[in-house]
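The next block holds one structure in the form of structure tokens; read it before the comments.
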Amino acid sequence: MGSSPNRVKLWASAFGGEIKSIASKYSGSQLLQKKYKEYEKSVRIEEIDGAKLVKNLALNMEEIFRKKAEATRRLVEAAEEAHLQHEENPDLQYEYFNAVLINEVDEDGNSVELGGEFLLEPNDHFNNLSVNLSLSVVQVPTNMYNKDPDIVNGVYWSEALNKVFVDNFKRDPTLIWQYFGSAKGFFRQYPGVKWHPDEHGVIAFDCRNRKWYIQAATSPKDVVILVDVSGSMKGLRLTIARQTVASILDTLGDDDFFNIIAYNQEIHYVEPCLNGTLVQADSTNKDHFKEHLDKLFAKGIGLLGNALTEAFTILNEINQTGRGSSCSQAIMLITDGATEMHDDVFAKYNWPERKVRIFPYLIGRESAFADNLKWMACANKGYFSQISTLADVQENVMRYLHVMSRPKVIDHEHDTVWTEAYVDSALAQAHKLGENKGPNPMTTVAMPVFSTKNETKNQGILLGVVGTDIPIQELMKTIPKHKLGIHGYAFAITNNGYILTHPDLRPLYQEGQKRKKPSYSSVDLSEKRVLTMHNDYYYTDIRGTPFSVGVALSRGHGKYFFKGNVSLEAGLHDLEQPDVALADEWTYCNTDEHHEHRHLTQVQAIKLYMTSRKPHLKCDRELIQQVLFDAVVTAPLEAYWTGLALNKSENSDKGVEIAFLGTRTGLSRTNLFVVPEQLTNQDFLTAEDKEGVFNADHFPLWYKRAAEQVPGTFVYSIPFSSGGENKSVVLASTAIQLLDDRKSPIVAAVGIQMKLEFFQRKFWTASRQCNALDGKCTISCDNEDIKCYLIDNNGFILVSEDTLQTNLFFGQVEGAVMNKLLLMGSFKKINLYDYQALCKEYAGSSDSARTLLDPFTTVKWLLTELVIFLLEFNLYSWWNYDSTVKAQRAQRTMMVPCDTEYPAFVSERTIKETTGNIDCGGCIRTFVIQQIPSSNLFMVVVENKCDCSSAPPVTMEPIEIIYILFINQQNIYSFRM
């Protein structure tokens with residue numbers, strides 16, 4: 001080979017020395033290491049007790065949930081008292097503030113009926129929406145009459161809730177939306193906000209079909225749905241029947257169990273593999289059954305007696321074995337008529353206890369056989385409904401919920417219910433939330449409201465459901481990120497195994513569109529840079545809720561925390577410097593609990609807390625003491641960076657643009673070596689740079705990557721924006737350890753941002769060096785006989801002669817070489833999984849071909865089954881690799897949720913240099929790979945004499961995972977093929 005291993009080693013050494021010198025000098029890493037060393041003997045190192053940590057976290061979350069539940073209970077008491085004092089008046093006339101009509105005027109400029117002038121002011125606590133903090137508004141579903149007597153009476157007595165809404169918000173300023181969903185259909189929401197119909201003039205929101213309403217209004221239930229598929233059900237009737245079944249399924253939740261049986265002269269299970277049992281009504285099972293509804297077709301005659309017998313047999317067996325909900329049971333009958341009453345079946349299976357309620361739905365306009373169906377409902381504690389058109393389906397299906405709630409109402413069971421994390425897309429559309437401020441995931445606490453009037457007490461009348469939302473972001477504020485370490489994190493799950501909060505749970509909204517995967521029971525990686533590590537998991541339940549919370553602590557430095565002390569005066573002085581910032585989403589002091597503190601910054605709140613006798617602030621004193629310590633220790637960097645910036649002989653070509661540091665307490669400092677307008681990457685360290693700053697659930701990416709490098713080495717990377725474009729800069733960062741020990745806490749990380757062109761120029765200059773006495777080198781990277789690359793430890797290109805190859809995966813460019821490196825063990829391949837990906841599906845395509853798209857850029861942990869809290873061997877993904885493939889027919893595609901598998905690659909740390917040969921059709925091609933000292937980089941020099949283009953590239957393209965279904969007697973499971 002023209003370029004010998006020794007020569008490549010010379011180049012690598014020259015470049016490594018030059019670039020480390022620049023990174024060390026401008027970052028001030030050696031000065032900061034020295035300053036922390038000065039405090040080495042006075043600090044106290046503590047091992048973090050994971051069990052104690054998770055217990056305290058559970059208590060903090062429990063307090064949040066308790067306050068929200070108390071607010072909800074006050075609403076229940078006020079609503080029931082207001083209804084008790086109200087006498088129904090069918091002629092009542094009452095002008096209320098309709099959410100759609102407020103501030104609307106007619107052609108003459110006068111307020112429309114049920115509108116009126118309604119004061120609205122922007123409020124950042126409510127997503128910057130314009131709201132009224134004194135009054136609520138009332139929303140009435142589009143298909144209902146605004147002045148229906150039932151609605152007007154309900155709106156009138158529920159006005160009493162306004163006072164409680166306001167009082168609740170004063171008591172707990174962290175509250176967001178409070179509301180009352182009426183059984184009559186109207187929805188009272190506080191604070192008042194204007195609602196906007198969609199482009200068709202419709203608001204697709206009915207509070208009664210929201211999960212929080214259904215969960216609060218009914219008990220868990222076992223349901224068998226019987227669908228008549230006899231010949232008379234052909235055409236529109238079968239279409240209405242399918243929609244009715246789908247609507248019933250939408251009212252079922254994770255605590256319910258169900259099955260669907262189609263019948264004519266025979267019995268047909270919609271899912272034949274689930275013969276004779278019930279399955280949990282989770283989203284996967286319901287979606288699976290909905291897909292089978294289109295396979296129903298009508299023929300033959302309908303033998304209802306056999307179908308009823310089968311349904312009763314299933315419910316009886318389920319009840320005896322305890323495999324269902326162990327609560328209410330019902331049979332939903334969807335038919336166009338019944339020629340018999342089938343009292344013999346009811347007498348055998350359901351009388352006299354009548355434990356199973358019957359809900360017949362008569363399909364069509366004819367009423368010839370309605371009497372028999374009505375008798376069935378009345379004889380079995382059910383309810384009869386007739387559905388003539390598709391428009392009637394929703395309203396009629398919802399009626400069964402009120403009947404199912406009667407035992408709960410009669411017993412006056414004010415159960416508190418909690419939902420899993422969700423986003424209400426219809427509500428978001430009605431509030432006109434912008435694409436860039438889509439709603440955050442939240443959980444809802446809800447309680448039923450009953451009629452307490454003596455004359456109706458035994459009838460079990462449900463008035464509605466009250467509730468309030470808890471943003472997941474509020475729960476995340478309770479997480480002590482400084483105690484979890486650089487890679488540690490906290491998470492919470494529901495009793496059904498769904499994730500409530502997790503740092504890798506991606507937004508349910510992206511660019512204003514709802515993701516269609518509503519619940520996740522596992523999360524995983526979506527980036528391409530990996531590191532192996534071990535986590536220990538600790539978990540406990542959150543009392544009074546169906547939730548559990550856990551923490552993951554990384555072994556090694558992640559298990560240790562240290563405490564240092566400085567004077568309050570010195571700490572506050574250095575904390576208030578202009579180059580200092582604190583993590584926006586960390587809670588040093590809770591400024592949300594009292595309205596008078598809302599305007600305070602965290603630094604202002606810290607100062608008030610530490611200097612006032614009775615500040616009435618709830619703060620984390622331990623965290624504050626340590627952030628003051630870090631402020632003092634890092635203060636000398638300000639003067640050091642300023643000196644470099646003022647020295648005109650330094651950095652004359654403006655190659656280094658920013659120096660920055662971050663500490664374990666969320667404190668950061670920055671210094672610009674160029675004016676802001678000249679920054680190549682102006683997003684870095686701003687709110688736009690999600691991965692480059694401290695936030696509620698993770699440390700900056702440059703901090704985390706530096707922490708896992710050998711002490712004293714720098715890690716280099718090229719950041720990409722969320723859109724995938726190259727930012728034309730290189731980040732270099734290194735970690736600062738307190739002690740020379742693997743168990744030593746990582747106290748800080750420092751780094752610089754430099755121009756990519758400046759970085760690459762240093763590489764090409766180093767690659768021209770040689771040992772020739774006359775300085776004339778026979779070979780260099782300028783020669784056409786060789787190709788030179790600079791790649792990182794995950795195989796991504798930082799420098800290539802072809803600038804278009806920057807940040808591509810090396811295997812895409814040099815597939816033959818990458819394959820050889822894998823065979824030699826210099827790199828290893830690791831398969832990763834993304835359970836939250838989106839795929840493009842071509843509309844109208846016969847094979848539904850998909851193009852993979854994963855637009856999210858947060859850092860992901862590999863944790864395939866979060867509900868298994870065990871010590872695990874985890875893979876950590878370091879950086880986003882955008883795998884977007886642009887569809888040629890974009891206008892004919894749609895986004896669908898999918899799971900994907902993709903490879904990632906990591907270098908073997910023990911291999912510093914190696915050479916290899918590749919046989920390209922009889923032509924031997926030689927290459928050399930050499931590690932760059934004190935870095936995560938490798939120089940690769942490849943001979944250019946052979947044509948190896950026939951060798952397949954090594955790509956990182958994700959592929960969609962195709963599942964096969966496995967069905968047992970309780971559930972439907974998916975397995976990868």
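The values are calculated or read from the model by the stated rules, or taken from the named source; none is laboratory data. Small disclaimer: the values here were computed from a predicted structure and weren't measured. Here the Cβ is made from the backbone with ideal geometry for all residues, glycine too, and neighbour counts use every protein chain on show. All accessible areas refer to the heavy atoms of the entire protein, side chains included, with ligands and DNA or RNA removed. Shrake-Rupley method; radii C 1.70, N 1.55, O 1.52, S 1.80 Å.
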Label points 7 Å out from Cα along the Cβ direction at Cys777 and Ser949: separation in nm?
-> 2.9 nm
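If Rh is defined by the Kirkwood formula over all Cα pairs and Rg also comes from Cα, what ratio Rg/Rh do you get for the stretch 219-388?
Result for the stretch 219-388 is an Rg/Rh of 0.93.
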Degrees, to the nearest 10: 370-379 long Cα axis against longest axis of the chain = 80 degrees
Would you please give the FRET efficiency between Asp919 and Glu40, computed as 1/(1 + (r/R0)^6) with r the Cβ-Cβ distance and R0 = 51 Å, to the nearest 0.05?
-> 0.40
Can you figure out the FRET efficiency of Ser283 with Asn6, using R₀ = 51 Å and their beta-carbon distance, to the nearest 0.05?
-> 0.25
Taking Cα atoms only, helix 236-250 is inclined relative to the longest principal axis of the chain by an angle, in degrees rounded to 10, of 60 degrees
Counting only DSSP beta bridges fully inside the chain, the antiparallel percentage to nearest 5 is 85 percent
Take the Cα pairs of the chain, get the Kirkwood Rh, then feed it into Stokes-Einstein at 4 °C and 1.567 mPa s and tell me D in µm²/s.
-> 41 µm²/s
Pop out the carbon and sulfur fraction of the accessible area of the stretch 1-57 as a percent, whole number, probe 1.4 Å.
-> 46 percent
Net charge near Lys35, counting Lys/Arg +1 and Asp/Glu -1 over other residues with Cβ under 13 Å of its Cβ?
-> -2
So how much accessible area does Thr321 have, in Å² to the nearest 10, using a 1.4 Å probe?
-> 80 Å²
Alpha-carbon centroid distance for the pair the stretch 310-356 / the stretch 895-945, whole angstrom | 66 Å
Indicate, rounded to the nearest 5 percent, the antiparallel portion of the DSSP beta bridges found entirely in the stretch 219-388.
-> 15 percent
Site Gln85, offset 7 angstrom along Cα→Cβ, radius 15 Å on amide nitrogen, limited to the stretch 156-194, gives 156-165
Cysteines in the chain that, by Cβ-Cβ distance, have no pairing candidate under 4.7 Å = Cys207, Cys273, Cys327, Cys378
Virtual paramagnetic centre 7 Å along Cα→Cβ of Gln320, amide N under 20 Å, in the stretch 343-371 = 345-357
What is the dipole size for the chain, taken about its Cα centre, with +1 at each Lys and Arg Cβ and -1 at each Asp and Glu Cβ, in debye to the nearest 20?
-> 2600 debye
Which trypsin sites (Lys or Arg not before Pro) does the stretch 175-250 hold that lie in a coil by DSSP with at most 15 other beta carbons within 10 Å?
-> Lys234
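So between Lys52 and Leu823, what do we pick up on full extension, going 0.36 nm a residue minus the alpha carbon distance?
Gain on extension, Lys52 to Leu823, equals 273.0 nm.
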In whole percent, the fraction of accessible protein surface over the stretch 219-388 that belongs to carbon or sulfur atoms, probe radius 1.4 Å, stands at 48 percent
Take the alpha-carbon centre of the stretch 171-210, take the same for the stretch 357-378, and report the distance between them in whole Å.
-> 34 Å
Please report how far the C-alpha centroid of the stretch 132-162 lies from that of the stretch 591-656, rounded to the nearest whole angstrom.
-> 49 Å
Once every DSSP H run of n ≥ 4 in the chain is given -39500 (n - 2.57) and the sum is divided by its residues, what mean residue ellipticity at 222 nm do you get, rounded to the nearest 500 deg cm²/dmol?
-> -8000 deg cm²/dmol
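At a Förster radius of 30 Å, what calculated FRET efficiency corresponds to the Cβ-Cβ distance of Ser367 and Gln459, to the nearest 0.05?
The value I calculate is 0.70.
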Quote to one decimal, in nm, the extra length available between Arg543 and Asn103 on full extension: 0.36 nm per residue of separation minus the C-alpha distance between them.
-> 154.0 nm
Mind checking the angle between helix 283-293 and the chain's longest principal axis? C-alpha axes, 0 to 90 degrees, to the nearest 10.
-> 60 degrees
Sequence ranges 594-601, 388-395, 550-557, ranked by mean other-Cβ count within 10 angstrom, highest first | 550-557, 388-395, 594-601
Pulled fully out, how much extra length does the chain show between Asp411 and Arg354, if you take 0.36 nm times their separation in residues and subtract their Cα-Cα distance?
-> 18.7 nm
Return one whole number: the accessible area per residue of the chain in Å², for a 1.4 Å probe.
-> 42 Å²
